Amino acid sequence: MKSPNKHWQKAAALAITLVVTGTAIAAYEHFKDPAPLAIGDGTSGPKDMVWIPGGEFTMGSEHPRAQPNERPAHEVKLHGYWIDRHDVTNAQFTRFVAATGYVTTAERKPRWEDLAVQLPPGTLRPDDATLVPGALVFTGTDAPVALNDYSRWWKFVPGANWRHPTGPGSSIAGKDNHPVVQVSYEDALAYARWAHKRLPTEAEWEYAARGGLRQTDYAWGNEFAPNGKKMANTWDDAARPFPVTEDRGTHEKVQVGTTAVGSFAPNGYGLYDMAGNVWQWVADWYRADAFQIEAASGRIISNPQGPGASFDPGNGPTAYAPERVTRGGSFLCSETYCISYRTSARRGTDPMNGMSHLGFRLAMDEEAWKEQSRR
């Protein structure tokens, strides 16, 4: 990630340029009125899913805060589809595991071939005894640190999984309505098959997240905290600098993590947590230049399914290692480090990874719903 200071210097310079040239920042406030809210009840539509009417929208962003992988903004056309009103919860995932006996990737011994593809060529295979089940956990720091090395606040924790999100001593007891985390892309696909649904495409996810708003920075508009109201579960920069997990006033350890789904106001389509709380898997392979490729066609892209393979030059020697797109940001996103709760923000993630701030929601086509309802 680029230096936050350099990033904001560039953003400020571009904002000044826009004002000088007469390009109004208010251009990002244009609205597209959403259709009347249609929430499935299990009879008229799939339960707890929202119908997103088809249409055209501007995907990506030219906003001063936009990263290169969000550019250029380009036109996309989508058919209508259903999408979960909120992230899949611990209670829902528990029912899936009880019904199928499914074992998540974090609960299995890692396969060296899955690890090796994410490592520089020539990396020696570790002793087999070190390959133990577990997942990545945010551990935070006791004091401010340079933000150029995420290994200072992320650790691989043996025994961490969806039942024990931060390690063997943790639990999801009392958190039935929190989004399930520590689930890989493979786990999300397994759940989707069981639920007769699918992961949304990246375009579907962004269109739904915008909630009828055109090119606003957030799912609710352009102001991060309108009238001082917090709109999403994100890092509290006023309480402590990222990634410090110690309260400035009491110097006590502070627990950061998920909140129950629906804790914050929904967007214009009635969807919860399309910003913050947990990152969300979507179907597409991740390419940093995917939007450039789509825009180069010079036409409106209809129902894009994403690229055929991954490309992330920021990974250096592993630029072509498999990655899937994740969207929405999480409770760890901070104004000073990661502002990925912006609607157009995107990143690539190892599809075999479980992380303590990563979950998913699902989509369904109308045809699939009709077929299911006939059964």
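For the reader, a short list of remarks on this structure follows.
- Share of Cα-Cα pairs in segment 237-315 lying beyond 20 Å, as whole percent: 62
- Label-point gap, in nm, between Arg95 and Glu223 - each point 7 angstrom along Cα→Cβ: 3.9
- Label zone at Asp365 (point 7 Å along Cα-to-Cβ), backbone N below 16 Å, segment 280-315: 283-284, 302-306
- Highest-fluctuation residue, Gly228, Gly211, Gly54 considered, GNM on the chain with Cα pairs under 10 Å: Gly228
- Positive-end ranking of Trp154, Phe93, Tyr286 along the dipole of the chain, with charges on Cβ about the Cα centre, is headed by Phe93.
- Two-site FRET efficiency, Leu119 against Thr43, from Cβ-Cβ distance with R₀ of 45 Å, rounded to 0.05: 0.35
- The calculated FRET efficiency for Glu56 paired with Ser373, based on their beta-carbon distance and R0 = 30 Å, is about 0.55.
- Applying a DSSP loop filter and a limit of 13 other Cβ atoms within 10 Å to the trypsin sites (Lys or Arg not before Pro) in segment 256-360 leaves Arg299.
- With the convex hull constructed from alpha-carbon coordinates only, segment 101-221 shows a mean projected area of 12.0 nm² over all directions.
- Among Asn148, Asn222, Asn233: highest mean-square fluctuation, GNM of the chain, C-alpha pairs under 10 Å: Asn148
- A DSSP coil position with no more than 16 other Cβ atoms inside 10 Å describes the following GluC sites (Glu not before Pro) in segment 183-251: Glu223.
- Whether segment 196-275 is rounded, prolate or oblate, judged on the alpha carbon gyration tensor where a/c under 1.5 counts as rounded: prolate
- Neighbour cut-off at most 12 other Cβ (10 Å), DSSP loop, GluC sites (Glu not before Pro), segment 273-345: none
- Candidates Pro317, Pro110, Pro158, ranked by Gaussian network fluctuation over the chain, Cα under 10 Å, top entry: Pro317
- Test item: Cα-centred dipole of segment 4-373, Lys/Arg +1 and Asp/Glu -1 on Cβ, debye: 200
- Chain lengthening between Lys155 and Ser171 when straightened (0.36 nm per residue, less Cα-Cα): 4.0 nm
Since every read-out is calculated from the coordinates, none of them should be taken as a lab result. The structure presented is a predicted model; accordingly, all values stated were derived computationally and were not measured. Because the Cβ atoms are built from the backbone with ideal geometry, glycine has one as well, and the counts that use them run over all protein chains shown.
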